[in-house]
Structures are given as structure tokens and as C-alpha cells.
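The values are calculated or read from the model by the stated rules, or taken from the named source; none is laboratory data. Fair warning: this is a prediction, and the values are worked out from it, not measured in the lab. Neighbour counts are summed over all protein chains in view; Cβ atoms, including those assigned to glycine, are modelled from backbone coordinates with ideal geometry. Only protein heavy atoms, including side chains, enter the accessible area calculation; ligands, DNA and RNA are left aside. Shrake-Rupley method; radii C 1.70, N 1.55, O 1.52, S 1.80 Å.
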Amino acid sequence: MIIDLIKCHGSNNDFLLIDETDREYKFDDFKRRDLALALCDREESLGADGILFIRPSRVADAQYRIFNSDGTEASMCGNGLRCAGRYVCEKLGVEEAVIETMKANLKVKKHEEIFVDIPTYQVEISPVTFDLKDLPLNLDQETLIQEKIPQLSEELTFTALAVPNPHLTAVVSKEQLDSDLQTRLSEKVNNPNDLFPDGVNVSFIRLLEKGSIYVRTYERGVGYTNACGTAMSASTLVTCLMGENELGQPINVYNNGGMVQCAVHKEDETYTIDLIGNATFVYSAQIDVTKEGILAEILEQEDFNEDTLYSRLKEHAKKYLSQF
């Protein structure tokens, strides 16, 4: 089977984007899973954190579904949504669009550059819920906001929320960030356990200065990633709840893949988050895959030359973080 795709990334959280709307691929979910397992393998194939499938929608400009590198489907991915949003906007010749995701129809729009020569898009992150049943997290209480979970750690204070992906966050010191604490904790809650039956994304947050934070995420179904869009959004909201940052103001969120901006908005008791950052296209390719979804041959490949420009943003972020 011949498949056209684009390699893309948001904060170096990288994806393969496949448009199903113009081709008669006729993928079912088993095929999408097999493609994710085969094509995202960094040792044997193209390599990526997941595949973004763009599909027709009856309720929005397009639908997108994301399958992680382990073959599981995620309900949302903010970094992936920026890439999908850019693709749909450019295909339709518009500057904003609505994308159907698993749990909500979300707005995406072209945004002024956050760094010179970086294609930048803003996406809506919602719905936001603190109800533990929505993660799910099995504790005898309704919410967990800046509280301890003794079964996990005696030293950390956690907040649990879904945006809509489930997240467990903790503000940590440099020493805690540099230790193996996050790895041990993340592996515990993403292997069979009584607290998180479906696993959870685990983010460690460092407060840098007013208006700037650093976030590192162990992503469910992936492991450590250069960045996780919903995690950075959730983490920004947590720092606003703590009074460390302000609602409505853009917060610089640094990560191992670069930097984005997040702004938290509250209307009545409802939160929404703007995630603003790069949507970088690395290359387009036409590939030949076997019946089992395994890459047989790359037939054509054309670079967009955008990744070289993005490296400047990454160097800027690295230099800034070296101060802390």
C-alpha cells in the first residue's frame, strides 16, 4: 500500500501525519494501531511519538485521531493538534478552523510567531475537569488539588486533573527533578496498579520566575517525551491555582524540546487553556508499506527545511534554562 505522510512536530514531540480524506486507505482501528506500532519504531522505521490521522468530520472542519507509538489511542494531544490544525488550515486556505477530537470540538488558529520564522498556532485545550472519576484515580475523595498521595510519595504534593488526557502533576525542586523519583513514580502508575487503572501522564514542574515554568512529562503510552501539550497546559493551570502565575496571562512553558506559551482562562467555574507554539513540518514522504503495516520502502521524500529554523528556538530555550 502506498501512503503519503508528513513528518511534523510540536516542541520536538514528533508525529507522522496521514490524511485519510483524499485517499481510499480504508483504515480500521486495527490497521491504525499496526501502523503506529510499525512506523513509529525509531530503531526499525521512520520513528515518531505517534501518528495523527486526519479524517472527514460532520461537525467540524476535520477530525483528528492520534495513535501513540505503543498502538494505543489518546483522547487528545496538544502538540499534535497544533500540527493537525496547521495542516487543515493550510489545506482549506483559512487561518482558523475547528477540529473534532475524541471528547470535544476544539478551535485552532494561526498565531503571531513566538520566535522568529517559526510557524505558530494556537489551540484550545478543553474540557478541564478535576473529578477523579474522569481520570480515573481511585481515591476515597472527589478531587485531589495540592495534596499528598502516601501510596506514591511522602515528599511530593500532587494535583490530578484531566484536560481531557489524565495528568498527575507535582511542583518539584531541582534536586527532585534531577533524581530518579519521576521515573520510579511514573513506572509505578503506568504499570498495573490500584490507583490509576488506565495509567496517567506524570509531570514534574519547576517554577523558574514569574511567568516562566519548566515541565517534564512521562507520557502514558510513550514514556518521556520532549514535550506534552496537554501536560504543559495542565501544569500552567496548576501554577495559577497555586497563585504562582496569573489567569489570562501568557506563561512561557519551557520543555526539553523548546518552549510554548499557555494562557489559562476561567469563566464561572469552567477553565479553558490556550496552547500556543510551533507547528513544524519536517518532511513529506510517500512510503510503501506491507499488508502488516511494516515499512517496505520510502519512495519519495522532500524536506521542508523548517527544522533548521526551529533549532534556534531550541537553543534559546536551552540557554535560558541553563540559568536555573
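Among 134, 14, 274, the largest mean-square fluctuation in a Gaussian network model of the chain (Cα springs under 10 Å) belongs to 134. Normalised by the number of residues in the stretch 197-242, the mean separation of alpha-carbon contacts (under 8 Å, six or more apart) gives a relative contact order of 30 percent. Between the alpha-carbon centres of the stretch 186-217 and the stretch 83-147 there is a gap of 18 Å. Measuring nothing but how far apart in sequence close Cα pairs (under 8 Å, 6+ apart) lie, relative to its length, the chain scores a relative contact order of 19 percent.
Size estimate for the stretch 86-148 follows the Kirkwood approach: the inverse of mean 1/r over distinct Cα pairs works out to 14.6 Å.
Separation of the stretch 241-315 from the stretch 8-30 is 15 Å, based on Cα centroids.
Cysteines of the chain lacking any other cysteine Cβ under 4.7 Å from their own Cβ: 40, 77, 89, 228, 240, 262.
Which whole-number percentage describes the relative contact order of the stretch 103-174, with Cα contacts under 8 Å and a sequence gap of 6 or more? Can you show the working numbers first?
Details: 105 pairs, mean separation 17.9, N = 72.
Over the stretch 103-174, the number comes to 25 percent.
Normalised by 2.2 N^0.38 Å, with N the number of residues, the alpha-carbon radius of gyration of the stretch 40-84 equals 1.25.
Each label point was placed 7 Å from the Cα along the Cα-to-Cβ direction; for residue 176 and residue 154 their separation is 1.5 nm. Accessible area of residue 246 (1.4 Å probe, protein heavy atoms only, ligands and nucleic acids ignored): about 100 Å². Under 1.5 on a/c is rounded, so check that first for the stretch 281-324, then, if it is not, pick prolate when a/b is larger than b/c and oblate when it is not; a ≥ b ≥ c are the square roots of the alpha carbon gyration tensor eigenvalues. Because a/c hits 1.5 or more and a/b fails to exceed b/c, the stretch 281-324 counts as oblate. Karplus-based coupling profile of the stretch 210-221, in residue order and whole Hz: 3, x, 9, 9, 10, 10, 10, 10, 9, 8, 4, x, with θ = phi - 60° in 6.51 cos²θ - 1.76 cosθ + 1.60 and x standing for Gly or Pro.
The portion of the accessible surface of the stretch 159-228 made up by carbon and sulfur, rounded to a whole percent, is 44 (1.4 Å probe; DNA, RNA and ligands excluded). Each residue of the stretch 119-136 is assigned a 3J(HN,Hα), and the resulting list reads x, 10, 10, 10, 10, 8, 10, 6, x, 10, 9, 9, 5, 5, 5, 7, 6, x Hz, derived from the Karplus form 6.51 cos²θ - 1.76 cosθ + 1.60 (θ = phi - 60°), x at Gly and Pro.
Protein heavy-atom accessible surface, 1.4 Å probe, per residue over the stretch 202-265: 28 Å². Which of rounded, prolate, oblate describes the stretch 145-186, given a ≥ b ≥ c as roots of the alpha-carbon gyration tensor eigenvalues and a/c under 1.5 marking rounded, otherwise prolate only if a/b is larger than b/c? Prolate. Highest GNM mean-square fluctuation among 279, 104, 227, for the chain modelled with Cα contacts below 10 Å: 104. In summary, the stretch 14-112 shows an alpha-carbon radius of gyration equal to 1.04 times the 2.2 N^0.38 Å reference for compact globular proteins. Among the protein heavy atoms, those of residue 40 account for about 10 Å² of accessible surface (1.4 Å probe, every chain in place).
Rounded, prolate or oblate, given the Cα gyration tensor of the stretch 63-213, with a/c below 1.5 counting as rounded? Verdict is prolate for the stretch 63-213. Shape descriptor for the chain: Rg over Rh equals 0.95 (Cα atoms; Rh from the Kirkwood inverse mean 1/r). Taking all protein chains into account, the per residue accessible area for the stretch 74-131 stands at 41 Å² (1.4 Å probe).
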